[in-house]
Amino acid sequence: MKIAAVYIEEFKINNDWFRRMMELISEGRAQKVNKLHFAEDKIRSILGEMLIRIHLREAWGMEDKHIQFEYNEFGKPRLQNHPQLYFNISHSGQWVIAAVDECPIGLDVEQIKPIDLDIAERFFAPAEIQYISDQSLERRLTSFYRIWTLKESYIKAVGKGLSIPLDSFSLVPTGDRIILNAPTDGEDWFFRVYEDLSGYALAICSAHNNIPDQVPRFSLAEFQNKLFQFYDE
């Protein structure tokens, strides 16, 4: 599994950088970026794809001309002509995180913001609602986002999108384990929750248990330097 996170200190678009990135990303991504109104959304969208491209170059030696994207019937993006590789991207607030692996993977990062916890009654399974209720008052918000990111990571790994109702399965942290109760057709799924991103919740779901303990992190400036090293060679 190749994974990395980029922290965006300041959402300012350098025109030269923006033009360079728009030349490197896929045509479909460029079209989406051009439709976005806010610099924050443009930067996050570009960085997501560039993280995937760097992973593919570093770990699999793939040239950009061989990196093409398509979508399955549920709208999940995948690599064209490389069915053995899977990837996933998530961003929220100042973080953009992306991973590539040789088995299905899903990840979700969410900025922890105040929210009406009654929303759990609408989307969560009874076991998850009980898990949140069992927490102390000061930990319930964090617990809500822990469950939310776990559920999103699972849905993204399975790759069937909104065809899987959020309350049709449960994911409950129990000690060092995450207990999944879902009709998975015999599939095994493994999870990891990261609690060291201050103010954010991050969860990864994978078809194998070799999930890294730490996610490599870069500032935007560090990642830009990394990009230039690759593309100025």
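What follows draws every value from the coordinates through simple rules; no lab data is involved. Every value quoted in this text rests on a predicted model; they were computed, and no experiment measured them. Glycine gets a Cβ as well: all are built from the backbone with ideal geometry, and neighbour counts include every protein chain shown.
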- the chain: most fluctuating residue of I179, I129, I105 per GNM, C-alpha cutoff 10 Å: I179
- Task: State whether the stretch 1-118 is rounded, prolate or oblate according to the following rule on the C-alpha gyration tensor (a ≥ b ≥ c being the square roots of its eigenvalues): a/c under 1.5 gives rounded; otherwise a/b larger than b/c gives prolate, and the remaining case gives oblate.
- Result: oblate
- Task: Give the shape of the stretch 1-42 as rounded, prolate or oblate, defined through the alpha-carbon gyration tensor: a ≥ b ≥ c are the square roots of its eigenvalues, a/c under 1.5 means rounded, and otherwise the shape is prolate if a/b is larger than b/c and oblate if not.
- Result: oblate
- Ordered by fewest other Cβ atoms within 10 Å, a rough proxy for footprinting exposure, S198, S219, S26, S170 read S198, S219, S26, S170
- Message: Could you tell me the center-to-center distance, by alpha carbons, between the stretch 212-227 and the stretch 112-147 in angstrom?
- Response: 31 Å
- Message: Spelling out what I want: for every residue of the stretch 14-29, take phi, set θ = phi - 60°, compute 6.51 cos²θ - 1.76 cosθ + 1.60 (Karplus), and round to whole Hz; glycine and proline get x.
- Response: 7, 4, 5, 4, 4, 4, 5, 5, 5, 6, 8, 6, 5, 4, x, 5
- Note on the structure: Percent of all Cα-Cα pairs per 5 Å bin for the stretch 104-207, counting from 0 up to the last occupied bin, reads 2, 13, 25, 27, 20, 9, 3, 0
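For the chain, would you read off the P(r) tail past 23 Å as a percentage of all alpha carbon pairs? Could you put the intermediate results ahead of the total?
On the way: 13490 of 27028 pairs.
That tail contains 50 percent of the Cα-Cα pairs.
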- Note on the structure: Residues other than G75 with Cβ under 12 Å of its Cβ, Lys/Arg counted +1 and Asp/Glu -1, net out at +2
- Note on the structure: the chain: relative contact order from alpha carbon pairs under 8 Å, six or more residues apart, as a whole percent, is 22 percent
